[in-house]
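> Here's a structure for you.
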Amino acid sequence: MKRPAPPLLALLAVALAAGCSSYRPAPAAFSKSLQAPYVLDSGDRIRVTVFEQEGLTNTYSVDQAGYIAFPLVGAVPARGQSAAQLEGLIAAKLRNGYLRDPDVSVEIDRYRPIFVMGEVGASGQYSYVPGMTVQKAIAVAGGFSPRGNQSTVDITRTVNGKVMTGRVHTSDPLLPGDTIYVRERLF
């Protein structure tokens, strides 16, 4: 039996190490972000109710810059705000010369979409539903392709303004705006 040449062994070792180095477990911030209050971002649609002010009560979309265009007060920064924080911000702006004691309520009307890519039946953009897991999102995207890795996937998520990617199990929960990438399995 012939032994492989030493340079060939070194090349094989480097190739195996490179294949293993692509593993990125989910950062600790992934779990923490699931427990934190939901924060608004571009693509979210909210329902703002100003009690006894029918002209101000409406549905508003968070634009690409992270603002909502609100009557009387103009652009209100919504990106990074929870619904409760945005209620206070709108009430403060309305109190500044428009209404004496505004009572404002903000609720999420539609969450920003999730994205599913890779080895699935139909890659694309899909609506987020509260309580959605990776497995449910993949089912909505047509299921795994015959070559899809069905145990773990890569998720890209924005946490505290930073974009992070980590590998999670298919039973893990999702957040609005997540991008799921289903890798090809080796065998």
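> When you go through (1) under 29 Å from Asn160 (Cβ atoms); (2) out of contact with any Gly (no Cβ under 7 Å at 6 or more places or on another chain); (3) not assigned by TED's automatic domain parsing to the domain that holds Ala137 one by one for Arg79, which number turns out not to apply?
(2)
> Okay, next question. Looking at segment 142-150, can you tell me whether even one residue there is assigned by TED's automatic domain parsing to the domain that holds Gly177, touching a Ser or Thr at 6+ places or on another chain (Cβ under 9 Å) and of a type in the set (D, E, K, R)?
no
> Counting only residues that are hydrophobic (A, V, I, L, M, F, W, C) and more than 18 Å from Leu56 (Cα to Cα), give me the strands (runs of 3 or more DSSP E) lying completely in segment 73-187 with at least 2 of them.
Ranges flagged: 114-118, 152-159, 162-169, 179-182.
> With the requirement that a residue be surrounded by fewer than 19 Cβ atoms within 10 Å (Cβ to Cβ), touching a Gly at 6+ places or on another chain (Cβ under 9 Å) and in contact (Cβ under 8 Å) with a residue 60 or more places away in the chain, what does segment 89-137 give you?
Arg110, Pro113, Phe115, Met117, listed by residue number.
> So is Tyr181 touching a residue at least 40 places away in the same chain (Cβ under 8 Å), in contact with a Pro (Cβ under 6 Å, 6 or more places away or on another chain), surrounded by 16 or more Cβ atoms within 10 Å (Cβ to Cβ) and closer than 25 Å to Pro27 by Cβ or not?
Numbers: touching a residue at least 40 places away in the same chain (Cβ under 8 Å): yes; in contact with a Pro (Cβ under 6 Å, 6 or more places away or on another chain): no; surrounded by 16 or more Cβ atoms within 10 Å (Cβ to Cβ): yes; closer than 25 Å to Pro27 by Cβ: yes.
Answer is no for this residue.
> Spot the failing condition for Asp63; the list is (1) modelled with pLDDT of 95 or more; (2) farther than 24 Å from Tyr128 by Cβ, and only one is missed.
Only one criterion in (1) modelled with pLDDT of 95 or more; (2) farther than 24 Å from Tyr128 by Cβ is unmet by Asp63, namely (2).
> Looking only at segment 138-156, which residues are under 19 Å from the mean Cα position of the chain (by Cα) and in contact (Cβ under 8 Å) with a residue 12 or more places away in the chain?
Residues satisfying the conditions are Ile138, Val140, Ala141, Thr152, Val153, Asp154, Ile155, Thr156.
The values are calculated or read from the model by the stated rules, or taken from the named source; none is laboratory data. Since this is a predicted model, take the numbers as computed values, not measurements. Quick reminder, even Gly has a Cβ in these numbers, built from the backbone with ideal geometry, and neighbours come from all protein chains shown.
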